[in-house]
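Laboratory data are not the source of any read-out in this text; all were calculated from the coordinates shown. What you see is a predicted model; the values in this text were computed from it and never measured. Note that we place each Cβ from the backbone using ideal geometry, even for glycine, and neighbour counts take in every protein chain shown.
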Amino acid sequence: MSRRSGQKGHLEKSGRWWVVRFWMDVPGQEKRTLKRERICPISGPGSLNKSERVRRSREIIAASGADTEEYFNKVVKPQQERQSCVTFREQAETWFTNETSRKRKPVADSTVQFWRGCLDKWLIPNLGDLPVSAVNNGAVKRLIVLMAEELSPKTIQSYVGVVKAVVASAVNGEGEELYPRNWNAEFMDMPVVEKSKQNTPSFSAEVMSELAKWKNPKKQMLFILCGATGLRIGEALGLEIDKHISSDFLTLSIKQKARHCKIENRVKTESAVRQVDLHPSIAAMLRLFVGERRSGFLFQSRNGRPLSSSNILRRHLHPALAKLGYVNSATGTHKAGNHAFRRFRSTYLRNYTDCPSGLRQYWLGHAGRDMDDLYDKIKEDVSFRQDWAEKSGLGFELPAVVPNVPKNEEIDVAEEAA
């Protein structure tokens with residue numbers, strides 16, 4: 001009530017009248033309305049001096065009841081009580097709908113699926129029946145105890161971030177948070193993410209050299225390209241011959257990505273839209289791999305769709321790593337994700353070459369960290385980039401020839417169906 005008391009109003013001229021403007025709550029409406037009432041004529045009979053106008057404006061506001069406790073209890077308090085009864089489940093669905101349908105900075109499909117899974121499996125079952133007003137440090141602390149039995153520290157942090165977003169999304173008609181929180185990581189006993197223990201595998205030069213000899217020509221070329229460029233797997237699978245590969249095969253344009261065998265006309269970040277220059281030996285292999293094709297996806301199934309990244313993992317990369325005796329130091333298994341190619345390229349360029357850091361970040365699609373990075377225009381010097389692509393080398397050995405993929409190549413029916 002204290003926030004709604006003592007309005008002085010705003011005096012202004014409107015036509016031939018002095019008027020006062022003030023806020024008024026409206027029954028059944030969360031947002032307040034700006035009211036305007038006449039005070040007196042600006043001149044002539046009935047006009048008032050400044051002090052009289054101020055006194056009269058206060059009388060008008062008082063007569064309206066806008067500042068009385070009775071009016072507050074009649075109009076505002078019931079609305080607040082209704083808001084306090086909103087459950088976390090209801091607010092979560094409202095938040096999810098608003099976030100996934102927004103036009104400004106649309107959310108990626110992968111993020112939408114992550115949020116949906118997080119809400120359905122953990123947050124709504126454990127917090128759904130609580131009023132949003134009761135979702136505080138204590139409630140989240142109890143949730144963390146449950147999640148810690150099954151989830152990694154990084155995943156728990158991500159899920160708690162969704163909780164915070166849902167609570168913060170409960171706002172009044174003025175856009176102000178209804179339940180502001182001072183989240184206390186110490187009190188909640190939030191797990192600490194130890195980066196040294198995260199599962200972030202990479203490949204050695206020896207492993208990359210062996211992967212470059214994989215028996216399947218199409219996956220062999222994919223492994224070589226990812227290791228030689230550091231492309232994200234979705235970026236590599238989203239490449240189209242007539243749109244993203246230069247006529248001399250020395251430059252790739254990254255403008256889209258493939259996910260679940262479908263194209264998303266977006267990439268991970270703004271910095272991911274870039275051109276990646278190839279070593280001449282890779283360009284020659286790529287030309288041979290493309291052969292007489294003039295359009296379509298660089299890596300496609302028989303029906304012309306992008307390959308499935310999960311199938312590549314299960315049917316090719318993981319078996320190849322098992323055959324090579326590769327051991328993931330974080331998990332103790334032979335398995336590693338497609339991102340290991342990207343880590344290999346980053347490690348090689350950073351530690352084994354003199355490649356300028358600005359160019360390395362540009363090729364990898366990493367965002368700049370300071371104004372020097374913002375002012376760095378190395379991306380505009382194509383000849384310089386291509387020179388360094390040749391100087392930097394690959395960091396692994398290539399096979400003598402990468403066979404071209406015949407048009408009638410038999411493709412695993414299960415892979416095509418995916």
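Quick notes
- Label sites at residue 347 and residue 293, each approximated as a point 7 angstrom past Cα along Cα to Cβ, lie 3.0 nm apart.
- Amide H within-cut-off set for residue 251, under 5 Å, with H built and near neighbours excluded: 246, 278
- Within the stretch 338-359: backbone nitrogen closer than 20 Å to the residue 329 label point (7 Å, Cα to C-beta): 338-353
- Estimated FRET transfer efficiency (residue 10, residue 93; beta-carbon r; R0 60 Å; 0.05): 0.95
- Extension gain, residue 183 to residue 377: 0.36 nm times the residue separation minus the Cα-Cα distance gives 65.8 nm.
- Annotation: amide H of residue 240 within the under-5 Å range of 298, sequence separation 5 or more or interchain, hydrogens built in the peptide plane.
- Residue range of the chain that is longest and free of GluC sites (Glu not before Pro) which are both DSSP loop and sparsely packed (at most 12 other C-beta within 10 Å): 1-148
- Within the chain, helices built from complete DSSP H runs that reach 20 Å or longer along their own axis (Cα positions) and carry a mean Kyte-Doolittle hydropathy of -1.0 or higher are 50-64, 153-168.
- In terms of other Cβ atoms within 10 Å, 109, 25 run from fewest to most in the order 109, 25.
- About its Cα centre, the chain has a charge dipole of approximately 1120 debye under the convention of +1 per Lys or Arg Cβ and -1 per Asp or Glu Cβ, with nothing else charged.
- For the chain, the relative contact order works out to 13 percent when only alpha carbon pairs closer than 8 Å and six or more residues apart are counted.
- Remark: 226, 261 ranked as 261, 226, counting other beta-carbon atoms within 10 Å and listing the fewest first.
- Euclidean distance of C-alpha centroids, the stretch 125-183 and the stretch 217-244, integer Å: 40 Å
- Summary: within the chain, the longest segment free of trypsin sites (Lys or Arg not before Pro) located in DSSP loops with at most 12 other C-beta atoms within 10 Å is 105-214.
- The slack between residue 174 and residue 133, meaning 0.36 nm per residue of separation minus the straight C-alpha distance, is 12.9 nm.
- Inter-site label distance for residue 120 and residue 196 at 7 Å from Cα along Cβ, in nm: 3.9 nm
- With both labels modelled 7 Å from their Cα along Cα-to-Cβ, the residue 48 to residue 302 distance reads 8.9 nm.
- The slack in the chain from residue 158 to residue 269, taken as 0.36 nm per residue of separation less the alpha-carbon distance, amounts to 38.1 nm.
- Mean-position separation - Cα centroids, the stretch 245-302 and the stretch 359-389, in angstrom: 19 Å
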